[in-house]
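Asker: Sharing a structure, written as structure tokens. Questions coming.
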Amino acid sequence: MERAPFTAALDDSTPRPLAVSGGKPPVTPGAGVYASRGVLSRRAFLRGGGGLGLAGIGLLLAACGPAPAPATSAQPTAASAAGTSSGPASAASKPTSAAAAGNARSVLPTYVAFPLPFKADVPSPAAGIEDAWTKFPASPFKSVTDTPGTGSQVTLFSGTFWPPYTPPDQNPMLMELQKQLNVTLNLNITNGADYPVKFNTLIAGGDLPDVVWVGPTPNLIDFLKNQCADLTPFLAGDAVKDYPNLAALTTNTWKGTIFDGAIMGLPSPFGPMGTNMQMNKSRWDAEIGAGVYAKDPDELKKMLQQLTRPDENKYAIASSITDPYGIDVGWFAMMFGSVNFWGMVNGKLTNYRETDAYKESIAYLRDLQQLGVFHPKSATYDSIAAKADHAAGQFVLISSNAFYGNHVDMWNRGNALNPKVNFDLLPLVPPTAGAQPTYWFSDWIWPHNYLGPGIFAFKKASDDRIKELLRIWNWICSPFGSQERLLWEYGVEGTDWTRDAASGDITFTQRGPADSTFVPIRFGPHSYDPLYNPGTPDYGPAMQKDETQMLPYGINDVSVGAYSNTDGQKGIPLNTAFHAVMTDIVAGRKQMSDFDQALKDWQSNGGDQIRGEYESTLSPTQ
């Protein structure tokens, strides 16, 4: 059975007409760019949750300039099935002159869905909706039949945001992984908070490891071109078919790897779920009613007031120090119908800040703050404390774009409580009653924010060495249900996990996470994360239901596959300054009349230049 890519609602336009507010209007159409995502980016930098305070971010930015990364656009339709073996890649033709000029589409790998040998527990109900799983497949299959490595040593430099993993010489998963890959892995893993500084120190020395998680660095394209291998000859077009599991990564994800018309790394893929409002469903159902949701923003506002009882320390909504009042994540801008960070408005490339919808969302958030529905800690919450208070019911809602990490974490926290606390995603709220809602897709690649562009790059090497590394990561990118992914994600059977006799699902042993999950393979290229959570058979079907309700209304950030040097150098300071004013407006320290000047400052201090640089690299066909 093929795992179909998302194909519904792929128009890069918004579902309703938008007006442009304040400042100079945008210029000309385009698609395919990297855009800085506010102070922290709308993409969460942890698959498993967590956060970094503003002080820490400031230190990182002072130590090394911010680096941009590519985004994504429309997803391909289903293609023919891929094979189940992998071998050396044959060289493809060099990029055409059009590709070298920046036309990402001409060098994109051909998408080929991987044929799974079994049906999902809950098959996709419609095109673009993912399969769901209630338990791990009973008979994991072998995805790659050939041995990828040649007995060589492979050095990797990457980061992690998880606890330390079991050392390689004591780790049964890593021992078995190296045996099956036929390589010796030399892993140099550093704490994620320290990674930007250490990454820039590494590249300044000019001695790269074989594989590196590309962090933020000034002049990103120069670094990639001068020190990293151009993978275009090995992966562009049908050449990728030599690596079936890499071919099963969708076009949306591959667009994030293209710089200056060349494929400069392998992507760390993300599924379609993007901006969401996490909901303590137990409190919502008890106080608002099961299945009762707002038909427009005014009705939502009344419901939030109903959920707020300060004398009981009960509030409707919260946010964290990394995104005070949810300004940067943008769920409320999405509710009013804003473009997904960059989009086309009346044929012109427009930033979300420039839409009336975004301005409406700031006024709405200001009203919510004045009504007292925000938890008092909303501007200062760290993620750990916020998660604990969310599970305890101190607040009901918090916006997030970390569906593939934070949400499953909250699901598990709720399941562990007695009595159980149910979590879900708040259904979309349209801008007016009866109107079509808007949903913001993810960026399709991770991290794609201030931590870097979301790619693993290879050091320049011989063709044979590049092919070996591609075979290794083709093995690692084996799909869910395969023996390969089961090994690196959950470890060795008996030692790290067992099968539950009653359910047939897998269950971690006490040492299992340290042997497998905490090894940061997930931070790099791998197959897409499924709608599955061990030990909670209701999770996958519930998330599939959410996808069914949201994804048909999805719009992409049209800033896909291009690069702005100004965004790389100025984007984060510009966004930080703009969002500081927005935070002050919502908190009541400034007035709504200050909005227009903040927007003009963003435009004149670099926003318009960023837009122009994006437009100069865009193909009319993108």
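Asker: Limiting things to C-alpha atoms, what are the Rg and the maximum Cα-Cα separation (Dmax) for the range 247-398, in angstroms?
Answerer: 18.4, 59
Asker: Using modelled backbone amide H atoms (1.01 Å from N, in-plane), which distant-in-sequence or interchain residues come within less than 5 Å of residue 590's amide H?
Answerer: The answer is 585.
Asker: Return one whole number: the accessible area per residue of the range 421-463 in Å², for a 1.4 Å probe.
Answerer: That works out to 24 Å² per residue.
Asker: Expressed in whole Å with the largest first, what are the equivalent ellipsoid semi-axes of the range 372-475 derived from the C-alpha gyration tensor as the square root of 5 times each eigenvalue? Let's see the in-between values first.
Answerer: Details: eigenvalues 292, 80, 45 Å².
Semi-axes from the Cα gyration tensor: 38, 20, 15 Å.
Asker: Could you check the simple spin-label distance between residue 147 and residue 292, using points 7 Å along Cα→Cβ, in nm with one decimal?
Answerer: 6.6 nm
Asker: Need the C-alpha centroid separation for the range 457-522 versus the range 379-427, integer Å.
Answerer: 28 Å
Asker: Oh, and also: Work out how much length residue 584 to residue 225 would gain on full extension: take 0.36 nm times their residue separation and subtract the Cα-Cα distance, in nm to one decimal. If you can, show how the numbers build up before the last one.
Answerer: On the way: separation 359, 0.36 × 359 = 129.24 nm, distance 4.17 nm.
Result: 125.1 nm gained on full extension.
Asker: Across the range 491-501, in residue order, what do the Karplus-derived ³J(HN,Hα) couplings come to in whole Hz, using 6.51 cos²θ - 1.76 cosθ + 1.60 with θ = phi - 60° and x for Gly and Pro?
Answerer: Result, rounded to whole Hz: x, 9, 4, x, 8, 9, 8, 9, 8, 6, 5.
Asker: In nm, what is the difference between 0.36 nm times the number of residues separating residue 184 and residue 609 and their Cα-Cα distance?
Answerer: 148.3 nm
Asker: Could I ask something else about it? What would the Debye formula give as log10 I(q)/I(0) at q = 0.11, 0.20 Å⁻¹ for the alpha-carbon point model of the range 212-328, no solvent?
Answerer: Computed log10 I(q)/I(0) values: -0.65, -1.13.
Asker: I need the semi-axes of the equivalent ellipsoid of the range 539-585: take the C-alpha gyration tensor, multiply each eigenvalue by 5, square-root it, list largest first in whole angstrom. Present the calculation step by step, with values, prior to reporting the outcome.
Answerer: Working: eigenvalues 217, 67, 18 Å².
Three semi-axes, in Å: 33, 18, 10.
Asker: For the range 267-330, what is the accessible area per residue in Å² when the probe is 1.4 Å?
Answerer: So the range 267-330 comes to 33 Å² accessible per residue, rounded to a whole number.
Asker: I've got another one for you. Quick one: which residues, 5 or more positions from residue 130 or on another chain, have an amide H under 5 Å from its amide H? H modelled 1.01 Å from N in the peptide plane, none for Pro or chain starts.
Answerer: Amide H neighbours of residue 130, under 5 Å, 5+ apart: none.
Asker: At q = 0.25 Å⁻¹, what log₁₀ I(q)/I(0) does the range 128-194 have when each alpha carbon counts as one equal point scatterer in the Debye sum?
Answerer: Those come out to -1.08, one per q.
Asker: Follow-up question, since we're still on this one. Calculate, in nm to one decimal, what residue 495 and residue 382 gain on full extension: separation in residues at 0.36 nm each, minus their alpha carbon distance.
Answerer: Taking residue 495 through residue 382 to full extension adds about 37.2 nm, to one decimal.
Asker: Right, something else. Expressed as a fraction of 2.2 N^0.38 Å, the rule-of-thumb size for a compact globular protein of N residues, what is the C-alpha radius of gyration of the range 567-622?
Answerer: In units of the globular-protein estimate, the range 567-622 measures up at 1.37.
Asker: Charges only on Cβ, +1 for Lys and Arg, -1 for Asp and Glu: so what's the dipole of the range 101-233 about the Cα centre, in debye to the nearest 20?
Answerer: My answer is approximately 220 debye.
Asker: Consider a paramagnetic label point 7 Å from the Cα of residue 371 along Cα→Cβ; state which residues of the range 405-449 have an amide N under 11 Å from it.
Answerer: Label zone hits: none.
Asker: What residues qualify as long-range amide H neighbours of residue 186, i.e. H under 5 Å apart, gap of 5 or more or another chain, H built at 1.01 Å from N?
Answerer: Hits under the 5 Å cutoff: 154, 155, 156.
Asker: Then there is this: Going 7 Å from the Cα of residue 600 toward and past its Cβ, which residues in the range 350-369 have a backbone nitrogen under 18 Å from where you end up?
Answerer: Once the point is set 7 Å along Cα→Cβ of residue 600, 353-356, 359 turn out to lie under 18 Å by backbone N, inside the range 350-369.
Asker: A follow-up question, please. Output the Kirkwood hydrodynamic radius of the range 474-584, Cα pairs only, in Å rounded to one decimal.
Answerer: Taking the inverse mean of 1/r over all distinct Cα pairs, the range 474-584 comes out at 17.9 Å.
Asker: Compute log10 of I(q)/I(0) for the range 276-336 with the Debye formula, placing one identical point scatterer on every Cα and leaving out solvent, at q = 0.19, 0.26 Å⁻¹, to two decimals.
Answerer: Taking Cα atoms of the range 276-336 as identical point scatterers yields -0.82, -1.32.
Asker: Then there's this: Would you please give the FRET efficiency between residue 436 and residue 392, computed as 1/(1 + (r/R0)^6) with r the Cβ-Cβ distance and R0 = 35 Å, to the nearest 0.05?
Answerer: It comes out at approximately 0.45.
Asker: When the accessible area of the range 113-210 is computed with all protein chains present and a 1.4 Å probe, what percentage of it is carbon and sulfur?
Answerer: 53 percent
The values are calculated or read from the model by the stated rules, or taken from the named source; none is laboratory data. Computed from a prediction, not measured in an experiment: that's the story for all the values here. Every residue, glycine as well, gets a Cβ built from its backbone with ideal geometry; the counts of neighbours run over all protein chains shown. Just the protein is used for accessible areas: all its heavy atoms, side chains included, with ligands, DNA and RNA removed. Shrake-Rupley method; radii C 1.70, N 1.55, O 1.52, S 1.80 Å.
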